[in-house]
């Protein structure tokens with residue numbers, strides 16, 4: 001007789017135990033809006049693309065997924081897919 005108690009882990013077909021739950025998926029979506037001080041329209045069209053590339057690099061270097069970005073003259077919108085292990089305080 002064999003009794004096995006597992007509170008965590010999933011046993012694969014090979015018999016190995018893996019931590020976590022089977023078929024578990026987590027994704028966190030965050031919309032971030034950066035506004036220019038006093039909402040001044042100082043993000044010029046000729047600089048918009050360069051600013052967007054710069055902000056894209058910041059998100060990418062944190063190993064997160066940038067889903068959308070757009071700079072308006074007085075603010076910028078970002079939609080970011082964060083991994084559950086990401087801590088805001090590390091940014």
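Bear in mind that the values in this text are calculations on the coordinates, not laboratory data. In this text, all values refer to a predicted model and were calculated from it rather than measured experimentally. Don't worry about glycine lacking a Cβ; one is built from the backbone with ideal geometry, like all the others, and counts go over all protein chains shown.
Summary of values
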| quantity | calculated |
| --- | --- |
| Rounded if a/c under 1.5, otherwise prolate or oblate - region 25-90, Cα gyration tensor axes | prolate |
| Extension gain, residue 44 back to residue 56 (0.36 nm per residue minus Cα-Cα distance, nm) | 2.5 nm |
| Spin-label model distance (nm) - residue 63 vs residue 87, 7 Å beyond Cα toward Cβ | 1.4 nm |
| Fully extended contour minus Cα-Cα distance, from residue 28 to residue 79, at 0.36 nm per residue | 17.3 nm |
